[in-house]
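Colleague: Just passing along the structure, written as structure tokens.
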Amino acid sequence: MQIIYLGHAGFCVETDSSIIIMDPWFSKQGAFDSAWFQYPKNHHMGDDVQAILTRSKKNKYIYISHEHQDHFDIKFLQTLISRNFTILLANYSCQIVKNKLNEVNYHCNDIILLNDNEKYTLKDAEIRLLIMDTELNCDSAILVKDESHSFLNINDCKIYDRLENIKNTHGNIDIFTAQFSGASWYPTCYRMSDNVYREVCQKKIASKFETTAVAIKTIKPRLYLPSAGPPCFLDPMLLSIHFQDINSYPQTPQFLAYLDQHCKSIKSSTKWTEIWPGDILDVASLKFIHKSSTRMNAIDFKSYVNSYSDEYKNLFSGRENDQKKIDPGDIFVQLKSELLEKLSKLQLVNHTITTLLYWRISECPEKMYCIDLVNKTIKITSHIKELNNYYRITAPAWLVNKVLTREISWSDLALTFRVTIERVPDVYNTVIHGFLILDTNKIQSFCEKMQKTNINNERIIMMYQGKQYSILRYCPHQGADLSQGHLEGALLVCPRHQWKFDIKNNGKCIYNETCIDAICVDNH
Ligand code: FES
């Protein structure tokens, strides 16, 4: 087995008879309305993939893990000349990738939907997709095994609670890759003091590093490869993120230094190394052929980003004229219909949300919508009713227009990082989050799944300080299996997004109002 790193979350796995290209993202326009760009640059790798698909006589597959544009680069897929390949997708309840391919009438050998853990047999290997399908998080990982070796690529799919089972079921993993850096709009888009921002970033980095390190220790591969981010922000609106003294997008060398320090116990059996687009790994010998001599440790990141952003100056200045043509007043009016449509799909059972959500267009700050998610009402207002309990999102009209015209989705809007959010108190609320980032057609099933998690009362017993505690088995956030969590003192840490539940305080989450109902059942 040979693996070529394509950049970001992209890999090309080659066995004796098959080639599997994973999440190829090469478009020069980046992703999410050009908010994210590939780091390091990998645009040239598109030609290499084009050549492999054209020349190789092996059976060829392209796997797309999920619909996010840094994984599903439809523009690149449309440039492919030789279409003698099969596309492999996870069989999600909502088929966004397949629908988009159908919309553009995409031709290739076949598009195959695989169920969770279903075996798909190639001539000399097998593939399984491990799927997470929770509306807020639709993502998949891929396991490729040939006769001698295996590669597990979980990219940014948070199946941490399943890793032990995967290892036990499918045996030793040679190569493992997983995201180690942040990719969400919190805290980047949230207004907070510099000190709090720094603190939140530090916590996010620590939590993500620890989770990935635990994943590596669980899988115990022969080699771990860091991948799937962080992206690069070249839009002048976003560029300053890279020049903050801390942000939640740490670079590879920082994570590898963390592993050197915190994973000494597995160092004799598991290696880790930095990879650069074009690197070719021979899995049997773990030897690399480096196509480029450049390594992240050796470059000056800030000057790299500055010259990278210079290449895009014309792109962003050219967009400004189009943006000025959008009438903010019109967008404000149209936004209401969209929000009402979303509200109509919201079905809240036993949810008491006391927080009002406010939506504002940046160019007309004097008015905003006040949305009551429980009573499903929207009113125009000029002021926030309760300054100690509100959630407000503000975005430029031209960007909201792209959502309303379906150029981008609601989740893309969140990933552009071009919105501003104020949240008082700074407490996560699943319903508000879902309402903001989901497209209208996903809201109903999001509510249904949330309801299912809430009424699933299965309990497990866990030990804390020699005593037995009964707790709810499934995390109230997105249903991860808490039997796979770990304890930090009295705090049970969910393996998926690291919410912490205080066993000594009835299992109450320390970040929000959720609870896993911890009861001591030990009479001794
Ligand atoms: S599922 Fe997200 S923190 Fe538990």
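Colleague: Label-point separation (nm) for R83 and S207, each offset 7 Å from Cα along Cα-to-Cβ?
Modeller: Modelled inter-label distance: 4.3 nm.
Colleague: Next question, about the same structure. Please order D300, D156 by the number of other Cβ within 10 Å, starting at the fewest.
Modeller: In increasing order of surrounding Cβ atoms, one gets D300, D156.
Colleague: By DSSP, what percent of the beta bridges with both residues in the chain are antiparallel, rounded to the nearest 5?
Modeller: Antiparallel bridges make up about 65 percent of those DSSP assigns within the chain.
Colleague: When only DSSP loop residues count, what chymotrypsin sites (Phe, Trp or Tyr not before Pro) in the range 404-434 have their Cβ near at most 16 other Cβ atoms within 10 Å?
Modeller: Those that pass, being in a loop and sparsely packed, are Y428.
Colleague: At a Cα cut-off below 26 Å, give the lysines reachable from K60, other chains included and same-chain residues fewer than 8 away excluded.
Modeller: K28, K41, K75, K98, K100, K119, K123, K145, K287, K291
Colleague: Here is a further query. Only bridges whose two residues both fall in the range 98-193 count here: according to DSSP, what percent of them are antiparallel, nearest 5?
Modeller: In the range 98-193, approximately 80 percent of DSSP beta bridges are antiparallel ones.
Colleague: Tell me which DSSP H helices of the chain clear both cut-offs, 30 Å or more of axial length from alpha-carbon atoms and a mean Kyte-Doolittle hydropathy of at least -1.0.
Modeller: 194-219
Colleague: Oh, and also: Out of all DSSP beta bridges in the range 326-450, what portion is antiparallel? Express it as a percent rounded to 5.
Modeller: Antiparallel bridges: around 70 percent, rounded to the nearest 5.
Colleague: Then there is this: Between N512 and N297, what FRET efficiency comes out of the Förster formula 1/(1 + (r/R0)^6) with R0 = 41 Å and r the beta carbon distance, rounded to 0.05?
Modeller: After rounding to 0.05, the efficiency reads 0.60.
Colleague: Would you order V104, V49 from fewest to most other beta-carbon atoms within 10 Å of each residue's own beta-carbon?
Modeller: Ascending number of Cβ neighbours within 10 Å: V104, V49.
Colleague: Now a separate question. Of the peptides 283-290, 230-237, how do they stack up when ordered by the mean number of other Cβ atoms within 10 Å, highest first?
Modeller: 230-237, 283-290
Colleague: Still on this structure: Arrange the following residues from fewest to most other Cβ atoms within 10 Å of their Cβ: H477, H486, H107.
Modeller: The fewest-first ordering by Cβ neighbours comes to H107, H486, H477.
Colleague: If a paramagnetic tag sat 7 Å from the Cα of R191 along the Cα-Cβ line, which residues of the range 351-374 would have the backbone N under 19 Å from that point?
Modeller: Counting backbone N atoms under 19 Å from the label point, the list is 355-371.
Colleague: Right, next: Suppose R0 equals 60 Å; then what is the FRET efficiency for L387 and I289 from their Cβ-Cβ distance, rounded to the nearest 0.05?
Modeller: 0.50
Colleague: Whole angstrom only: what separates the Cα centroid of the range 459-483 from the Cα centroid of the range 104-138?
Modeller: One Cα centre to the other: 32 Å.
Colleague: Given a cut-off of 31 Å, name the pairs among K302/K336; K442/K500; K345/K402; K220/K504 whose C-alpha atoms lie farther apart than that in the structure shown.
Modeller: Pairs exceeding the cut-off: K302/K336; K220/K504.
Colleague: Here is a further query. How much length is gained if the chain between D426 and R222 is pulled fully straight, taking 0.36 nm per residue apart and subtracting their Cα-Cα distance, in nm to one decimal?
Modeller: Net length gain for the segment: 69.4 nm.
Colleague: Can you give the Rg to Rh ratio for the chain, taking only C-alpha atoms and Rh from Kirkwood?
Modeller: 0.95
Colleague: Something else about it: What is the Cα centroid distance between the range 411-448 and the range 226-295, reported in whole angstrom?
Modeller: Spelled out, the Cα-based centre of one part sits 30 Å from the other.
We did not get these values from a lab; they are worked out from the coordinates using the rules stated. It should be emphasised that the depicted structure is a prediction, and the values quoted were computed from it without experimental measurement. Cβ: placed from backbone, ideal geometry, glycine included. Neighbour counts: every protein chain shown.
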